[in-house]
Each structure stands twice: as C-alpha cells, then as structure tokens.
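K.L.:
Please see the structure below; I have some questions.
The values are calculated or read from the model by the stated rules, or taken from the named source; none is laboratory data. All of these numbers come straight from a predicted model, not from anything done at the bench. In this analysis, Cβ positions are derived from the backbone assuming ideal geometry, glycine residues included, and neighbour counts consider all displayed protein chains.
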C-alpha cells in the first residue's frame, strides 16, 4: 500500500494512526501542501480532488480519511476500529464527524489561505477564526464524552478506534495554534491515553519522513 | 423514530431522503435554526452539539447526518444505501465526504453568520466565499463522476445511495445562492435523475412541515 500524505495534514495523520493500529506497512509518499505539490499535474492525475490523504492499495484508490479508515477496517478487520454494534458504530462515526465535519474543514490550510488572500482577513482575525471553531467544536466533543456512558479510556470504551484517530490530530493542530484546551479535560485525558501508544506517537507530524 | 431537523438544513435533508428511500415513517420535529431554537435549553438537553439533524430511535440517539444514514442502513438494510463491496463502500463514503467535509461545513448558517458578524465580511464577500467553495468543490465531484467507472445513473451505479443523499441537498443550496452549475453537467444529470424520485422530491425543503 502507498499513502500519499503530508506530515502536517491532520487528515493524513488520522490515516497514519489507523495503519499503525492495524500494524500495516505502507510506502510513505509525501505531497508537500505548503509547496503546492498537490496542485501539480502528477498528483492531480491521481487525485481529482487534489487533497491528501490518498491510499493506493493495488489497483484500488481510496480518498477521504474517514472513508480510508473504514476501508482499512473492512479489509483488515483486526484490531477493529469500529464497535461491533450499530449504535456504537453510529456513535463513533458521529464523534469522528463532530471533528471532521464541524472543526477541521474550517481550519485547513487552503481555507486559511483563502480567508487571508481573498477575503482580506488580517493574521489576527485568522487566528481568532481558527481558535473559535476549535474551542467551540471541542467543547461539543467534551460534552459528549462526559454525558455518554459509552466513553471510556478512549473516545468509545477502552480500545482506540476511528474517533480517536480523528481526535488526536485535531489536538495537535489546536496546540500548534495555541488554542485554549483547559475547558476540555475529558478530551485531553483521552488524548494523553492515546499518545502513550506508539500508533499515535510514532506517526505524529514531527516523526514523519517529510517533517521540517 | 423522531427526526429533529430543519427544513432548510441540508444535512437534515440528507437524512429525510435516506428515510424516504427506505420507506421508514418518522415524526418530523422542527428545530428552527434561524430562530436559534437549536441553542435553547430544551434542544441542547437532547443534543450536546446543538446541531441538527438528530435521530431518536427508541432509547438510541444518533447525530451527524452521515452517521445517521449508515445507522439506518445497518438497522434497516433494504434497500441498501451503500454497495456490498469494500471498495464501492469506500468510494460512496468518499464522495459523500467530498461534499460533507469539503463544501458544506464552509457554508452552513453558523459559519456565514460568524463571517459577517465577527469577521466583518460584507454581504458581497460572504456570497463570493459561498460560491467559491461550492463551485470548486462540485468541480472535484464532477471529475470523480467523469473519471471513475463506477459512476452510473446515480453517483455510484444505477441505484440511489448515501452519496446521492448528500449531493442533492448541496445542489439545492447552490441553486439558492445562484452558484454556477454549468461546469458540472455530470453532477446535474445525477441531480435530475434523483429529483425524478419521490424520495428526493417529496422531502425537499419547500415540502417540509416547517417550510416558510
């Protein structure tokens, strides 16, 4: 398998964690977003959306980090990254989407660039925008972790899964932009539990081959 | 089952389509976003994220439109809204996420409000922002529909599924904001095929009990 990704892309990091949790080897293909390599002809021939990550598994090409993780979970079922019951799976997917649909899309590189270059926002405004969506979005995740009985040492129960693969990279981004995190202690406890595992710590941005 | 939703919320419309495709009855619970009903105490007691849609199925509460649709597909398998093969499922999920993670989050009501009220964007800038993400995002979907052999009368093959549930509401939003759509003929052909079905047309925003 080949994973086209970028060390600092949090959607890429989600997939690196999943591959590591499953103990799967892959070729790390770097697509340098800050140098616009994703917009070059060679990559857009592979990925019409010009986004990372992208997984090539033989002839199969899979995009979108959550879809890739579910694909890996279906093709390499052990250890499972989703619960065995429909309601549990729905909860884990919803938690992942609370981050992947409500927080991260507002704060990725191309959106921040567009806000500054095309909408004329100042750097201060950009930072305020960033923090707003991270801090309010994580508060919603915190409430779910606190209120819902299925929460455990990890987002769902006591084994890592899809929601943890999505949560941890978001916290890395939050820390990089110095977002407030003291209002989400349950989230941070899960984060620390995850980071004690090699699958999360050895795949982190600074440990990647293309890290700067 | 009860669906907490709002006629104009496109994430809500996705779930209404899925329920209709499966022929499932439900109580329509209106949560009026423009009147801030989602921020009120009675709704936030149910939904910690304060977002719609939310499905209540007996004691089970499921949030996030794509997670709800997968839950419905697992608990009521006929007709299936996802293909039977892992690669097909990955493609359908990725197409849905191309819209639900790359386009829609940038253009929902709370984001547009924040851009104008807190970031000081003009109405003109807001419209430009809206169109930019819809038009470029749909172009990526168009490329996938054209390039990938699994495309058919619908996003994937010749039966409607998860990706169509997500695509159609996005086109409604695009039309409402007068976005350019002549550059995505394959997308529009799928849209028209969908709209010929009651499951898509009879659940559209203007047909909802809380439509204005």
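K.L.:
If you take the residues of region B:152-176 that are in contact (Cβ under 8 Å) with a residue 60 or more places away in the chain and more than 16 Å from the chain's Cα centre (by Cα), which of them is surrounded by the most Cβ atoms within 10 Å (Cβ to Cβ)?
P.N.:
Of everything passing the filter in region B:152-176, B:156 is surrounded by the most Cβ atoms within 10 Å (Cβ to Cβ).
K.L.:
Listed residues A:12, A:44, A:49; which is modelled with pLDDT under 95 and not in a loop (DSSP other than H, G, I, E, B)? Spell out the reasoning first.
P.N.:
Working: A:12 fails: modelled with pLDDT under 95; A:49 fails: not in a loop (DSSP other than H, G, I, E, B).
It is A:44.
K.L.:
Which residues, counting only those in region A:41-69, are touching a residue at least 60 places away in the same chain (Cβ under 8 Å) and more than 9 Å from every other protein chain (Cβ to nearest Cβ)?
P.N.:
Across region A:41-69, the qualifying residue is only A:69.
K.L.:
Another question, if that's okay. Mind telling me which of the residues B:117, B:126, B:131 ends up being surrounded by 15 or more Cβ atoms within 10 Å (Cβ to Cβ), within 24 Å of residue A:117 (Cα to Cα) and more than 20 Å from the chain's Cα centre (by Cα)?
P.N.:
After applying the criteria, what remains is B:126.
K.L.:
Let me ask something additional. Within region B:70-88, track down each residue that is facing chain A (nearest Cβ under 7 Å) and crowded, with 20+ Cβ neighbours inside 10 Å.
P.N.:
Going residue by residue through region B:70-88, those that are facing chain A (nearest Cβ under 7 Å) are B:70-71, B:74-75, B:86-87.
Within region B:70-88, B:70, B:71 meet the criteria.
K.L.:
To continue, here is another question. Assess whether residue A:94 counts as being in a helix (DSSP H, G or I) and more than 26 Å from residue A:173 (Cβ to Cβ).
P.N.:
Considered against the rule, which asks whether it is in a helix (DSSP H, G or I) and more than 26 Å from residue A:173 (Cβ to Cβ), residue A:94 comes out as no.
K.L.:
What number of residues within region B:120-138 are facing another protein chain (nearest Cβ under 7 Å) and in contact (Cβ under 8 Å) with a residue 12 or more places away in the chain?
P.N.:
Qualifying residue count for the region: 1.
K.L.:
Exactly one condition in (1) within 12 Å of chain A (Cβ to nearest Cβ); (2) at pLDDT below 95 is false for residue B:176; which is it?
P.N.:
Of the numbered conditions (1) within 12 Å of chain A (Cβ to nearest Cβ); (2) at pLDDT below 95, the odd one out for residue B:176 is (1).
K.L.:
Can you pull out the residues in region B:142-151 that are facing chain A (nearest Cβ under 8 Å) and surrounded by 16 or more Cβ atoms within 10 Å (Cβ to Cβ)?
P.N.:
Passing the criteria: B:143, B:144.
K.L.:
Now, a different point. Given (1) in a helix (DSSP H, G or I); (2) facing chain A (nearest Cβ under 9 Å); (3) farther than 29 Å from residue B:184 by Cα, where does residue B:38 come up short, assuming only one miss?
P.N.:
Failed condition: (2).
K.L.:
Another one. Kindly indicate the residue of region A:52-66 that is within 16 Å of residue A:18 (Cβ to Cβ) and either out of contact with any helix residue (DSSP H, G or I) (no Cβ under 8 Å at 6 or more places or on another chain) or outside any strand (DSSP E or B) (or both) and also modelled with the lowest pLDDT among those meeting that condition.
P.N.:
If we take residues in region A:52-66 being within 16 Å of residue A:18 (Cβ to Cβ) and either out of contact with any helix residue (DSSP H, G or I) (no Cβ under 8 Å at 6 or more places or on another chain) or outside any strand (DSSP E or B) (or both), then A:52 is modelled with the lowest pLDDT.
K.L.:
Check whether at least one residue in region B:111-119 is closer than 29 Å to residue B:79 by Cα and within 9 Å of chain A (Cβ to nearest Cβ), and report yes or no.
P.N.:
no
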